Amino acid sequence: MTDIDAPMRYASPAADSTERDGSVGLVVLLALALAIAAVGLAMVSREMAEPFVLAILAGLAVVGVFCLFAGAVGILHFGQRHARNDITKAFVDNLPQGALIADGTGRVLYANEAYRDLLGLDPEASVPAPDRAFAGNTHLAEAIFRLARASQQGRSLKEEFRLPPAGEGEDDAGLAPRWFRISVQPMPPDPRSGRKGALVVWLVDEITQDRAREEASFAKVQAAIVYLDSAPAGFFTADADSNIEYLNATLAQWLGLDLSEVANRPLKLEQIMSPNSAALIARAGRGHAQGVTKRFDIDLVKADGTSLPVRILHRLPRAGGSGGLAHALVINRGPGEAEEAGAAELRFARLFHSAPIAIATINAQGAISATNAAFLRLFSAAADEGRKVSLESLVEPESHQALRQALDAAIARQGLIEPVDIAFAGDRERSGRIYLSPIEQTEGDNEAAIAYAIDTTEQRALEMQIAQGQKMQAIGQLAGGIAHDFNNMLTAIIGFSDFLLMNHRPTDPAFQDIMNIKQNANRAAGLVRQLLAFSRQQTLRPQVLQLGDVLSELSILLGRLLGENIELTLDQARDLWSVKADLHQFEQVILNLAVNSRDAMPEGGKLVIRTANVSERESRELGQRHIPPGEYVLIEVRDSGTGMSAEVKEKIFEPFFSTKEIGRGTGLGLSTVYGIVKQTGGYIFAESEEGQGTTMRVYLPRYIETAREVEQSRIERRPPEKPKDLTGRGTVLLVEDEDAVRSFAARALGQRGYHVLEATTGAEALDVFNNYEGEVDLVVSDVVMPEMDGPTLMQELRRKRPDLKIIFISGYAEDSFRRHLAENEDFMFLQKPFDLKELAAAVKAALQG
């Protein structure tokens, strides 16, 4: 290669093998055709040839006249078609970069003078393509190979590479390396110009001087960084989101941070200072006061958790905008460092900004004059230091009068000033409380009061949740008590109805009336069971369930229940976790939710039931405060119905609350769902907007079976079949404080062949048992009784007869009293209300067991 400073000549192309416009072959063919015609006409007679000669001359005349007109209007060009490329060639010839055009085989078609000069070629030398010109250099082999491959594949590519001098590696320091930038660009075929093959355009540019300038600039930047790193003060830059973009070595050393680790992972202000101080620094100067230098005395947090008192000089350049990087100079105020400010002033500033409570000073006009970090974090609008922000502007208008009265009291130096409950301006969901206290004013000081503010949003939400929980608990206790009393009455009604039915034939006029009485009593029993479900006092039979299988089996019933105008979709997760719940109660939950969705879509719509696993991490991100972190199985029921308002959503789980017209619902559907889910240990939430449909989400805790439980369920025997013959023999001690229930049960058992001993209380039952100690085979006892309840009676009786068989009957759930008994206590349970057959079957099963 020749010297790179050789003069460059751009007047004419270095190589031009492109085809000229037009075709000489067409002209030759036309001449041959005319010659052949003349020879042929010469061989015939004059009379025969004359018409043909005239026709040929007329044709040529017409073509000539047409060409003249076409040339006049610019349709045809004679001998000048190549002139269309003159401007393009002149442009390429005068490019400062070397340009070369080659065909698909690598044959050079055109190259400008700059290309020859860059390669240092002689005027008579042939011009090679760049992939061949640089192919012999081992330093460039990979880059040249990629460029050549791209040209063959019709791809665009650009490469920059360093060309070392010929003597590099030897004792030749007089030569400098050269830098080149080579790009390859495909040129597709152009049918309009008659070019059918694709071409390749190579551009070659020497960037040695650009690289030298870049390296010089980089060296200056490195020198500046070295200066900042070795400065006796700390320095960092941060954006409005508290992200630290740069941290110098001095500050990293003070904080005990490894600069190499800091460079490889994001660092936030909250990691080197308290959250309140981070909010103060991030928001400082971002507003009307942009460009102003601020001073803060705060504590930084070292890597070992200890604090470092510092003074920060903070400035946000005006050109940076509200989202630009802020620059902060950090001065160490720790022990042994120089103290420019007084110790008392520094200590007060640190305490002021480190306080966890929001504090601000207020002047007589209500404007904020000074704030700590916690105040700026609580009221982001107070961060605009370029204008006077009033305390009233930070809260909703309904609190303005109360704040003004409290400020007037502070100006009057009153001692006890009532706190003011406020809602944050622009965010009514957040609430707070502001305390004002007077301060001693000095001459020239306009500060009138100190404001202390706390965020009460979570506290108020917790208070509302507690109040709602207490309300639901009170309603549940009331519902449970009512259900217990109703169960006693319904037991008697159903029982005595059975006696009447036994004495009447189906053809008797009164038989149907008695059946109506029993059927309506059973309907009432169903409502009572729903009340018990809401109050979480029903008896559950939990078992390990695979909800995917349960929902698949239930989908057929759901399809019939919803009707043809509602589209049902099951979206089930794979590998769904197990839960432990009562199968029938869970089915009741799904059916009740589906019925509610159906009623909300009178014109039809879509119902989607989705299941998913919720990990412990995901449970923390749900945003529901009263769900403890853990693993859950989600059952989501989503409809496209009418939705509901916020007022309705607050009451949907209350018993007897319904938005349906009279006669279409009892108002116990969702209250039953609520009770079942809660009794199972789960949680339920409603999400709805008017006109946007409703989504009900049920979270049931994941259940993992132990090896012992799996083995026990494998060898567990089938439950005994109900006996067909309900008659029997034996002495039964019946303990029931309700006369109607006791009368029905005694009569029913007596008719089945049993000897029945009756008692109204637990104490009376003990006396009867003592009198017939050796004769009593079975005790049937109520649970809730005066003087002595059923469980206490069982303990007293089994002291005398450990193997005594006992059946408890109650309107409450079995779980409500079983948890107060020892685990090894064996007894049977019969839920009220029951009919004659259920009682007789339970007694016979107990005696045979």
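Structure notes:
- Accessible carbon and sulfur surface of region 554-633 relative to its total accessible area, %, 1.4 Å: 45
- Shape summary of region 171-254, radius of gyration then Dmax from alpha carbon positions: 24.5, 74 Å.
- When peptides 636-644, 393-401 are sorted by average Cβ neighbour count within 10 Å, with the highest value leading, the order is 636-644, 393-401.
- Amide H contacts under 5 Å for MET273, placed H, 5+ residues apart: VAL301
- Local charge for ASP513 was computed over the other residues whose Cβ lies under 15 Å away, with Lys and Arg +1 and Asp and Glu -1, and equals 0.
- Per-residue HN-Hα couplings for region 141-149 [Karplus 6.51, -1.76, 1.60; θ = phi - 60°; Hz; x = Gly/Pro]: 4, 5, 5, 5, 5, 5, 5, 5, 5
- Hz values of 3J(HN,Hα) by residue in region 597-602 - Karplus curve (6.51, -1.76, 1.60), Gly and Pro given as x: 5, 4, 5, 7, 10, x
- Cα-projected label distance for ALA219 with VAL784, points at 7 Å along beta-carbon direction, nm: 9.4
- Filter on LYS805/LYS832; LYS89/LYS158; LYS606/LYS832; LYS220/LYS388; LYS678/LYS832; LYS580/LYS606 - keep pairs with C-alpha separation over 31 Å: LYS606/LYS832; LYS220/LYS388
- Amide proton proximity set for MET788, modelled H, under 5 Å, gap of 5+: GLY762, ALA763
- Computed from label points 7 Å out along Cα-Cβ, the spacing between GLN848 and THR88 is 10.4 nm.
- Within straight-line cross-link reach of LYS302, lysines at Cα separation under 18 Å, skipping those fewer than 8 residues along the same chain: LYS268
- Span from the region 739-755 Cα centroid across to the region 593-634 one, whole angstrom: 48
- Maximal additional length on extending the ARG560-THR457 stretch stands at 32.5 nm, based on 0.36 nm per residue less the C-alpha distance.
- Annotation: amide H-H contacts under 5 Å for ALA135 (H modelled 1.01 Å from N, sequence separation of 5 or more, or interchain): none.
- Scoring 552-560, 403-411 by mean Cβ neighbours within 10 Å over their residues and listing the highest first yields 403-411, 552-560.
- Estimated FRET transfer efficiency when R0 is 35 angstrom, pair ALA412-PHE352 (beta carbons, to 0.05): 0.85
- The HN-Hα couplings worked out from phi for region 763-774 by the Karplus form 6.51 cos²θ - 1.76 cosθ + 1.60 (θ = phi - 60°) are 5, 5, 5, 5, 5, 5, 4, 5, 6, 10, 4, x Hz, whole numbers, x standing for Gly and Pro.
The values are calculated or read from the model by the stated rules, or taken from the named source; none is laboratory data. Keep in mind it's a predicted model, so treat the numbers as computed, not measured. Note: ideal-geometry Cβ built from the backbone for every residue, glycine included; neighbour counts use all protein chains shown. In case anyone asks, the SASA skips ligands and DNA or RNA and just uses the protein heavy atoms, side chains included. Shrake-Rupley method; radii C 1.70, N 1.55, O 1.52, S 1.80 Å.
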